[in-house]
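Engineer: Handing you a structure now.
The values are calculated or read from the model by the stated rules, or taken from the named source; none is laboratory data. Owing to the predicted nature of the structure, the values given are computational and were not obtained by experimental measurement. Neighbour counts run over all protein chains shown; Cβ positions are idealised from the backbone, glycine included.
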């Protein structure tokens, strides 16, 4: 029997892009900041986040604030605000599936 090719064994339907961006996260209810980290990769449906201390559980709903690397009109800093659900957790990273997202201008 032939081993499966990497493409055939990949279950994701969306391409992931390696992006290293600062992220802060809190419970979706708007509670206090519960952690900080960096994105490892992201797609149009989810993000993988690395954090020194993962203090979330699978199924938990979060709000992420991601510092976006591009400026609006070349001048104004942006943040990506994401409402999401944690899909899996490991000791130093966790994955989320996005429910909603929007870009907001960042306070200077």
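Engineer: Out of the stretch 56-107, which residues are in a loop (DSSP other than H, G, I, E, B) and either closer than 13 Å to residue 23 by Cα or touching a residue at least 12 places away in the same chain (Cβ under 8 Å) (or both)?
Structural biologist: Across the stretch 56-107, the qualifying residues are 56, 57, 58, 59, 60, 91, 92, 106.
Engineer: Kindly provide the set of residues from the stretch 36-64 that are crowded, with 16+ Cβ neighbours inside 10 Å, closer than 20 Å to residue 104 by Cβ and over 9 Å from the mean Cα position of the chain (by Cα), ordered by number.
Structural biologist: Selection gives 37, 62, 63.
Engineer: Another question about this same structure. I'm told residue 78 meets every condition in (1) crowded, with 18+ Cβ neighbours inside 10 Å; (2) at pLDDT 95 or above except one. Can you identify the failing condition by its number?
Structural biologist: So residue 78 meets the others, but not (1).
Engineer: Could you list, in sequence order, the residues of the stretch 30-54 that are assigned to a loop (DSSP other than H, G, I, E, B) and free of Cβ contacts under 8 Å to residues at least 12 places away in the same chain?
Structural biologist: Passing the criteria: 31, 32.
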